[in-house]
Amino acid sequence: MNKKQFLLVGSGVLLFCLIYFFGRTVPSKNNNAVAKPGTTAPAPGDVVDTKAVLSAAKQQLNQDQQAYINQLEAAVVRGDVKEQQIKVYRQIANFWRDSAHMLLPYAYYSGMASKLENSEKSLTFAAHYFLEGLRQQGNPELKRWMAGEAKELFEKALVLNPGNDSSKIGLGSCYLFGGISQNPMQGIQLIREVAERDPDNMYAQFMLGLGGMESGQFDKAIERLTKVVSKQPQNLEAILTLAEAYERSGDKVNAVKWYEASKKFFKEDEIIKEINQRIEELKK
(Lines give C-alpha, C1' and ligand atoms only; values in the text may rest on other atoms or scores of the structure.)
Protein backbone atom coordinates (compact mmCIF):
# COMPACT_ATOMS: atom_id res chain seq x y z
CA MET A 1 0.00 0.00 0.00
CA ASN A 2 1.50 3.35 -1.02
CA LYS A 3 1.22 6.81 0.52
CA LYS A 4 -1.85 7.70 -1.52
CA GLN A 5 -3.63 4.54 -0.40
CA PHE A 6 -2.75 5.22 3.23
CA LEU A 7 -4.35 8.63 2.89
CA LEU A 8 -7.43 7.24 1.20
CA VAL A 9 -8.24 4.64 3.80
CA GLY A 10 -7.04 6.56 6.84
CA SER A 11 -9.75 8.03 9.05
CA GLY A 12 -10.04 11.80 9.33
CA VAL A 13 -8.17 12.56 6.10
CA LEU A 14 -9.67 15.29 3.93
CA LEU A 15 -8.68 13.70 0.63
CA PHE A 16 -10.08 10.24 1.36
CA CYS A 17 -12.88 10.41 -1.19
CA LEU A 18 -11.32 12.42 -3.98
CA ILE A 19 -9.87 9.60 -6.07
CA TYR A 20 -13.07 7.59 -5.77
CA PHE A 21 -15.32 10.43 -6.87
CA PHE A 22 -13.07 12.32 -9.28
CA GLY A 23 -11.68 9.13 -10.76
CA ARG A 24 -15.05 7.74 -11.85
CA THR A 25 -15.66 10.21 -14.61
CA VAL A 26 -13.66 9.99 -17.81
CA PRO A 27 -11.45 7.16 -19.05
CA SER A 28 -8.25 8.23 -20.77
CA LYS A 29 -8.20 8.25 -24.54
CA ASN A 30 -4.74 6.77 -24.16
CA ASN A 31 -4.45 4.56 -21.12
CA ASN A 32 -0.72 4.19 -21.69
CA ALA A 33 -0.04 7.90 -21.40
CA VAL A 34 2.15 8.74 -18.43
CA ALA A 35 2.90 12.28 -17.28
CA LYS A 36 6.58 12.65 -16.37
CA PRO A 37 7.89 15.49 -14.21
CA GLY A 38 9.71 18.15 -16.15
CA THR A 39 8.37 17.19 -19.55
CA THR A 40 6.89 19.83 -21.78
CA ALA A 41 3.17 20.38 -21.84
CA PRO A 42 1.23 18.42 -24.47
CA ALA A 43 -0.53 19.91 -27.44
CA PRO A 44 -3.92 21.48 -26.67
CA GLY A 45 -5.64 18.68 -28.55
CA ASP A 46 -4.55 16.27 -25.82
CA VAL A 47 -6.79 17.97 -23.26
CA VAL A 48 -10.22 16.48 -22.55
CA ASP A 49 -12.94 19.06 -23.24
CA THR A 50 -15.77 19.90 -20.88
CA LYS A 51 -18.45 18.39 -23.10
CA ALA A 52 -16.67 15.03 -23.06
CA VAL A 53 -16.27 15.13 -19.27
CA LEU A 54 -19.94 15.86 -18.63
CA SER A 55 -21.13 13.44 -21.31
CA ALA A 56 -19.12 10.61 -19.78
CA ALA A 57 -20.51 11.43 -16.34
CA LYS A 58 -24.10 11.42 -17.64
CA GLN A 59 -23.63 7.96 -19.12
CA GLN A 60 -23.32 6.63 -15.59
CA LEU A 61 -26.75 7.96 -14.58
CA ASN A 62 -30.02 6.09 -14.83
CA GLN A 63 -32.78 7.38 -17.12
CA ASP A 64 -34.62 9.33 -14.42
CA GLN A 65 -31.41 11.02 -13.32
CA GLN A 66 -30.50 11.89 -16.90
CA ALA A 67 -33.94 13.41 -17.46
CA TYR A 68 -33.63 15.46 -14.28
CA ILE A 69 -30.18 16.80 -15.09
CA ASN A 70 -31.22 17.63 -18.68
CA GLN A 71 -34.16 19.60 -17.30
CA LEU A 72 -31.88 21.58 -15.01
CA GLU A 73 -29.41 22.28 -17.79
CA ALA A 74 -32.24 23.59 -19.99
CA ALA A 75 -33.30 25.87 -17.14
CA VAL A 76 -29.84 27.45 -17.11
CA VAL A 77 -30.12 28.30 -20.80
CA ARG A 78 -33.58 29.78 -20.33
CA GLY A 79 -32.63 31.80 -17.26
CA ASP A 80 -32.16 35.45 -18.18
CA VAL A 81 -31.38 36.66 -14.67
CA LYS A 82 -27.95 35.99 -13.21
CA GLU A 83 -29.33 35.05 -9.82
CA GLN A 84 -31.58 32.42 -11.43
CA GLN A 85 -28.65 30.93 -13.31
CA ILE A 86 -26.55 30.80 -10.14
CA LYS A 87 -29.37 29.02 -8.32
CA VAL A 88 -29.72 26.40 -11.05
CA TYR A 89 -25.97 25.84 -11.27
CA ARG A 90 -25.96 25.19 -7.51
CA GLN A 91 -28.85 22.76 -7.92
CA ILE A 92 -26.96 20.88 -10.64
CA ALA A 93 -23.79 20.85 -8.55
CA ASN A 94 -25.63 19.49 -5.52
CA PHE A 95 -27.23 16.77 -7.62
CA TRP A 96 -23.82 15.54 -8.79
CA ARG A 97 -22.49 15.57 -5.25
CA ASP A 98 -25.46 14.22 -3.28
CA SER A 99 -27.30 11.96 -5.73
CA ALA A 100 -24.77 10.91 -8.37
CA HIS A 101 -21.76 10.94 -6.02
CA MET A 102 -19.41 12.34 -8.66
CA LEU A 103 -17.42 15.29 -7.48
CA LEU A 104 -15.79 16.24 -10.76
CA PRO A 105 -19.03 17.53 -12.35
CA TYR A 106 -19.93 18.90 -8.91
CA ALA A 107 -16.70 20.93 -8.97
CA TYR A 108 -17.36 22.11 -12.53
CA TYR A 109 -20.87 23.41 -11.83
CA SER A 110 -19.77 24.91 -8.52
CA GLY A 111 -17.16 26.75 -10.55
CA MET A 112 -19.74 27.94 -13.05
CA ALA A 113 -21.86 29.35 -10.22
CA SER A 114 -18.78 30.94 -8.67
CA LYS A 115 -17.85 32.70 -11.90
CA LEU A 116 -21.31 34.30 -12.04
CA GLU A 117 -21.23 35.22 -8.34
CA ASN A 118 -17.71 36.57 -8.80
CA SER A 119 -16.96 36.47 -5.09
CA GLU A 120 -13.47 35.64 -3.89
CA LYS A 121 -14.76 33.08 -1.39
CA SER A 122 -16.74 31.03 -3.89
CA LEU A 123 -14.06 31.26 -6.59
CA THR A 124 -11.27 30.08 -4.31
CA PHE A 125 -13.41 27.27 -2.88
CA ALA A 126 -14.11 25.88 -6.34
CA ALA A 127 -10.49 26.41 -7.45
CA HIS A 128 -9.01 24.58 -4.47
CA TYR A 129 -11.53 21.78 -4.98
CA PHE A 130 -10.24 21.24 -8.50
CA LEU A 131 -6.62 21.55 -7.35
CA GLU A 132 -6.91 18.91 -4.65
CA GLY A 133 -8.66 16.61 -7.11
CA LEU A 134 -6.09 17.00 -9.87
CA ARG A 135 -3.26 16.16 -7.49
CA GLN A 136 -4.86 12.75 -6.99
CA GLN A 137 -5.95 12.24 -10.60
CA GLY A 138 -4.06 9.58 -12.55
CA ASN A 139 -5.48 10.36 -16.01
CA PRO A 140 -3.09 12.97 -17.51
CA GLU A 141 -5.63 14.37 -19.98
CA LEU A 142 -8.28 14.78 -17.32
CA LYS A 143 -5.68 16.26 -14.97
CA ARG A 144 -4.87 18.96 -17.53
CA TRP A 145 -8.55 19.78 -17.93
CA MET A 146 -8.97 20.10 -14.18
CA ALA A 147 -5.85 22.27 -13.96
CA GLY A 148 -7.24 24.58 -16.63
CA GLU A 149 -10.52 24.95 -14.72
CA ALA A 150 -8.69 25.64 -11.46
CA LYS A 151 -6.33 28.11 -13.15
CA GLU A 152 -9.21 30.19 -14.51
CA LEU A 153 -10.89 30.30 -11.10
CA PHE A 154 -7.69 31.28 -9.28
CA GLU A 155 -7.01 34.01 -11.84
CA LYS A 156 -10.48 35.46 -11.36
CA ALA A 157 -10.03 35.36 -7.58
CA LEU A 158 -6.70 37.17 -7.87
CA VAL A 159 -8.33 39.95 -9.88
CA LEU A 160 -10.57 40.53 -6.86
CA ASN A 161 -7.76 40.18 -4.32
CA PRO A 162 -4.26 40.33 -5.85
CA GLY A 163 -2.68 39.96 -2.41
CA ASN A 164 -4.14 36.55 -1.58
CA ASP A 165 -1.09 34.30 -1.16
CA SER A 166 -3.19 31.14 -1.01
CA SER A 167 -4.57 31.89 -4.46
CA LYS A 168 -1.07 32.64 -5.79
CA ILE A 169 0.16 29.31 -4.45
CA GLY A 170 -2.89 27.58 -5.91
CA LEU A 171 -2.29 29.14 -9.31
CA GLY A 172 1.35 28.10 -9.23
CA SER A 173 0.32 24.58 -8.25
CA CYS A 174 -1.92 24.34 -11.32
CA TYR A 175 1.16 24.85 -13.49
CA LEU A 176 3.29 22.61 -11.29
CA PHE A 177 1.00 19.58 -11.12
CA GLY A 178 -1.40 20.07 -14.04
CA GLY A 179 0.93 19.87 -17.03
CA ILE A 180 -0.57 23.02 -18.58
CA SER A 181 2.66 24.94 -19.20
CA GLN A 182 5.64 24.46 -21.47
CA ASN A 183 7.71 25.77 -18.55
CA PRO A 184 7.17 23.91 -15.25
CA MET A 185 9.27 26.55 -13.46
CA GLN A 186 6.44 28.99 -14.08
CA GLY A 187 4.48 27.37 -11.28
CA ILE A 188 7.43 26.98 -8.93
CA GLN A 189 8.33 30.66 -9.29
CA LEU A 190 4.83 31.75 -8.25
CA ILE A 191 4.95 29.58 -5.14
CA ARG A 192 8.58 30.40 -4.31
CA GLU A 193 7.76 34.10 -4.43
CA VAL A 194 5.37 33.60 -1.52
CA ALA A 195 7.71 31.24 0.38
CA GLU A 196 10.64 33.65 0.17
CA ARG A 197 8.57 36.60 1.33
CA ASP A 198 6.82 34.57 4.05
CA PRO A 199 8.91 31.55 5.10
CA ASP A 200 6.22 30.61 7.65
CA ASN A 201 3.64 30.03 4.94
CA MET A 202 3.39 26.26 5.30
CA TYR A 203 1.07 25.88 2.32
CA ALA A 204 3.82 27.29 0.10
CA GLN A 205 6.48 25.15 1.76
CA PHE A 206 4.36 22.02 1.36
CA MET A 207 3.64 22.62 -2.32
CA LEU A 208 7.33 23.25 -2.99
CA GLY A 209 8.07 20.02 -1.15
CA LEU A 210 5.65 18.18 -3.42
CA GLY A 211 7.30 19.90 -6.38
CA GLY A 212 10.64 18.51 -5.25
CA MET A 213 9.11 15.04 -5.16
CA GLU A 214 7.73 15.51 -8.69
CA SER A 215 11.13 16.53 -10.05
CA GLY A 216 13.11 13.91 -8.13
CA GLN A 217 14.92 16.53 -6.03
CA PHE A 218 14.42 14.65 -2.81
CA ASP A 219 16.92 16.69 -0.79
CA LYS A 220 14.94 19.85 -1.50
CA ALA A 221 11.67 18.06 -0.83
CA ILE A 222 13.00 16.88 2.54
CA GLU A 223 14.08 20.40 3.47
CA ARG A 224 10.64 21.85 2.71
CA LEU A 225 8.63 19.02 4.23
CA THR A 226 10.69 19.03 7.41
CA LYS A 227 9.68 22.65 7.91
CA VAL A 228 6.04 21.73 7.42
CA VAL A 229 5.95 18.84 9.90
CA SER A 230 7.82 20.90 12.50
CA LYS A 231 5.11 23.56 12.32
CA GLN A 232 2.21 21.22 11.57
CA PRO A 233 2.85 17.95 13.43
CA GLN A 234 -0.69 16.77 12.60
CA ASN A 235 -0.22 17.09 8.85
CA LEU A 236 -0.45 13.42 7.85
CA GLU A 237 0.12 13.97 4.15
CA ALA A 238 3.31 15.92 4.88
CA ILE A 239 4.53 13.18 7.24
CA LEU A 240 3.91 10.39 4.74
CA THR A 241 5.46 12.40 1.92
CA LEU A 242 8.52 13.12 4.06
CA ALA A 243 8.85 9.39 4.82
CA GLU A 244 8.60 8.65 1.10
CA ALA A 245 11.17 11.34 0.29
CA TYR A 246 13.68 9.81 2.71
CA GLU A 247 12.95 6.34 1.35
CA ARG A 248 13.46 7.41 -2.26
CA SER A 249 16.64 9.26 -1.34
CA GLY A 250 18.04 6.08 0.22
CA ASP A 251 17.91 7.26 3.84
CA LYS A 252 16.18 4.24 5.35
CA VAL A 253 16.70 5.30 8.97
CA ASN A 254 14.76 8.53 8.61
CA ALA A 255 12.20 6.88 6.37
CA VAL A 256 11.47 4.41 9.16
CA LYS A 257 11.29 7.28 11.67
CA TRP A 258 8.56 9.08 9.75
CA TYR A 259 6.60 5.96 8.80
CA GLU A 260 6.56 5.18 12.51
CA ALA A 261 5.32 8.70 13.22
CA SER A 262 2.44 8.24 10.79
CA LYS A 263 1.03 5.18 12.57
CA LYS A 264 -0.58 7.18 15.37
CA PHE A 265 -3.01 8.72 12.86
CA PHE A 266 -4.53 5.38 11.89
CA LYS A 267 -6.93 3.14 13.77
CA GLU A 268 -7.30 0.52 11.05
CA ASP A 269 -5.30 -2.64 11.74
CA GLU A 270 -4.84 -3.29 8.02
CA ILE A 271 -3.15 0.07 7.46
CA ILE A 272 -0.89 -0.28 10.48
CA LYS A 273 0.06 -3.74 9.24
CA GLU A 274 0.97 -2.32 5.83
CA ILE A 275 3.10 0.42 7.41
CA ASN A 276 4.84 -2.12 9.62
CA GLN A 277 5.61 -4.25 6.57
CA ARG A 278 7.09 -1.22 4.83
CA ILE A 279 9.20 -0.50 7.91
CA GLU A 280 10.45 -4.09 8.13
CA GLU A 281 11.45 -4.01 4.46
CA LEU A 282 13.43 -0.82 5.06
CA LYS A 283 15.23 -2.35 8.03
CA LYS A 284 16.55 -5.28 5.99
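Values computed for the structure shown
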| read-out | value |
| --- | --- |
| Checking Gly138 against (1) of a type outside the set (D, E, K, R); (2) modelled with pLDDT of 90 or more; (3) not in a helix (DSSP H, G or I), the condition it does not meet | (2) |
| Test: residue in the range 143-150 that is more than 15 Å from the chain's Cα centre (by Cα) and part of a helix (DSSP H, G or I) | no |
| Any hit, the range 148-156, residues being touching a residue at least 40 places away in the same chain (Cβ under 8 Å), of a type in the set (Lys, Arg) and either touching a strand residue (DSSP E or B) at 6+ places or on another chain (Cβ under 7 Å) or over 27 Å from Ala67 (Cα atoms) (or both) | yes |
| Selected residue [under 18 Å from the mean Cα position of the chain (by Cα), surrounded by fewer than 21 Cβ atoms within 10 Å (Cβ to Cβ) and either modelled with pLDDT of 95 or more or farther than 23 Å from Asp49 by Cβ (or both)] from Ser119, Ser215, Ser181, Ser173 | Ser215 |
| Residue in the range 225-284 that is modelled with the lowest pLDDT, counting only those that are under 24 Å from the mean Cα position of the chain (by Cα) and in a loop (DSSP other than H, G, I, E, B) | Phe266 |
| Considering residues of the range 55-99 that are part of a helix (DSSP H, G or I) and of a type in the set (Val, Ile, Thr) only, the residue farthest from Phe130 (Cα to Cα) | Val77 |
| Any chance Lys168 is at pLDDT 95 or above, more than 17 Å from Asn118 (Cβ to Cβ) and charged (D, E, K, R) | yes |
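Residue-wise test of (1) under 18 Å from Gly170 (Cβ atoms); (2) surrounded by 22 or more Cβ atoms within 10 Å (Cβ to Cβ); (3) among the polar types (S, T, N, Q).
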| position | (1), (2), (3) |
| --- | --- |
| Glu193 | yes, no, no |
| Gly209 | yes, yes, no |
| Arg224 | yes, yes, no |
| Val253 | no, no, no |
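The values are calculated or read from the model by the stated rules, or taken from the named source; none is laboratory data. All values derive from a computational prediction rather than experimental measurement. Note: ideal-geometry Cβ built from the backbone for every residue, glycine included; neighbour counts use all protein chains shown.
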